[in-house]
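So the structure is just underneath, and the comments pick up after that.
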């Protein structure tokens, strides 16, 4: 019997009155912050009327830190030959998954980079190794990684995704989106796929029955209209495929990177979060980013349109490399959700609720 897990949800019919680019930009630039919060919270409550905030127990496993992309915003990667470069061993990977399962985890997030020596076959072998030993959901390989594999393999993106799916890939994270405007991408990540290519990977994944998330990293070299452009591109693809489960915006962390800008404020973050909820009328879930914002702002985000607190993040390395090291044990995450007046519920990658918390 086909379940929600095996298929995309029905594509939602766009509302008759939705924000266009001009109105969205006007709200983003001029609306009082608390007015934005009230509007976003109203939409969140209509879409999710039950007083529930979800979270997932998983682990971020970076299978390598060797990457040829050289993104100016990344403090985590190392070039080939660097003494700190690594590719994870099967033994270490098994240890991390065993620990994740022991802590009640239901999935792992596998992300690495554009490693010049790892082939598509290596990625398939990694997936098969995990699936042969563990009953765990694999949320893995962002669009830039998949696009890079397609280029190196001289295969289409469709073919690469089909092979990864056959090897055990269950869903795709929305990483590598940054800002989906090529003017920005050429400055911050010139060796990564372009905006249209990122969207094409997600389109292919959705058409092959894989659910994905969508993200936005802002607060670096983008303009306000480009933030709105990013949101509208996500909305347009969601109109077409219905394959995004959630949208996760977060702020660029400039420390230890090669982009010298002033760090975005909590107010900046909450404004973008609220506008995201208003513009993305067809994306069911908006996730708060306690990893970059800390516990109090993440809790506040639940009044600005967010209905999900993301992962308990058993492990996180990329943001930590940029000097931000917020850690939030599961018990503290539950306390924050309850303190904001909501009932915490653990979910899986498809936003299906699991057993109730004690």
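The values are calculated or read from the model by the stated rules, or taken from the named source; none is laboratory data. Keep in mind that what you see is a predicted model, and the values were worked out from it rather than measured. All Cβ positions, even for glycine, are placed from backbone atoms using ideal geometry, and neighbour counts span all protein chains on display.
On the basis of being over 16 Å from residue 268 (Cα atoms), buried (at least 21 other Cβ atoms within 10 Å of the Cβ), in contact with a helix residue (DSSP H, G or I) (Cβ under 6 Å, 6 or more places away or on another chain) and at pLDDT below 95, does residue 243 make the cut? Considered against the rule, which asks whether it is over 16 Å from residue 268 (Cα atoms), buried (at least 21 other Cβ atoms within 10 Å of the Cβ), in contact with a helix residue (DSSP H, G or I) (Cβ under 6 Å, 6 or more places away or on another chain) and at pLDDT below 95, residue 243 comes out as no.
Does any residue of the stretch 185-201 turn out to be more than 23 Å from residue 36 (Cα to Cα), touching a strand residue (DSSP E or B) at 6+ places or on another chain (Cβ under 8 Å) and crowded, with 23+ Cβ neighbours inside 10 Å? The answer is yes, given that some residue of the stretch 185-201 is more than 23 Å from residue 36 (Cα to Cα), touching a strand residue (DSSP E or B) at 6+ places or on another chain (Cβ under 8 Å) and crowded, with 23+ Cβ neighbours inside 10 Å. When the stretch 224-246 is filtered for residues that are touching a residue at least 40 places away in the same chain (Cβ under 8 Å), outside any strand (DSSP E or B), closer than 17 Å to residue 200 by Cα and in contact with a strand residue (DSSP E or B) (Cβ under 8 Å, 6 or more places away or on another chain), the ones remaining, listed by number, are 230, 231, 234, 238, 243. Exactly one residue out of 180, 169, 221, 164 is modelled with pLDDT of 95 or more, more than 22 Å from residue 281 (Cα to Cα) and assigned to a loop (DSSP other than H, G, I, E, B): that is 169. Contact map, the stretch 78-91: residues that are at positive phi and modelled with pLDDT of 80 or more paired with residues that are part of a loop (DSSP other than H, G, I, E, B) and surrounded by 11 or more Cβ atoms within 10 Å (Cβ to Cβ), Cβ distance under 7 Å, separation 6+ or inter-chain. No pairs are found.
Results for (1) in a helix (DSSP H, G or I); (2) within 20 Å of residue 173 (Cα to Cα); (3) at pLDDT 80 or above; (4) in contact with a strand residue (DSSP E or B) (Cβ under 6 Å, 6 or more places away or on another chain), shown as yes or no for each residue.
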| position | (1), (2), (3), (4) |
| --- | --- |
| 8 | no, yes, no, no |
| 12 | no, no, no, no |
| 26 | yes, no, yes, no |
| 43 | yes, no, yes, no |
| 54 | no, yes, yes, yes |
| 74 | no, yes, no, no |
| 95 | yes, no, yes, no |
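Of the helices (runs of 4 or more DSSP H) lying entirely inside the stretch 247-314, the ones with 2 or more residues being modelled with pLDDT of 95 or more and over 15 Å from the mean Cα position of the chain (by Cα) are found at 266-279, 295-301. Scanning the stretch 138-169 for residues that are surrounded by fewer than 21 Cβ atoms within 10 Å (Cβ to Cβ) and in contact with a strand residue (DSSP E or B) (Cβ under 7 Å, 6 or more places away or on another chain) yields a total of 1. Among residues of the stretch 192-210 that are without any contact (Cβ under 8 Å) to a residue 24 or more places away in the chain, those with a beta-carbon under 7 Å from a residue that is surrounded by fewer than 18 Cβ atoms within 10 Å (Cβ to Cβ) at least six positions away or on a different chain give the pairs 194/182. When we screen 155, 118 for residues that are without any contact (Cβ under 8 Å) to a residue 60 or more places away in the chain, under 20 Å from residue 168 (Cβ atoms), in a loop (DSSP other than H, G, I, E, B) and in contact with a helix residue (DSSP H, G or I) (Cβ under 8 Å, 6 or more places away or on another chain), the only hit is 155.
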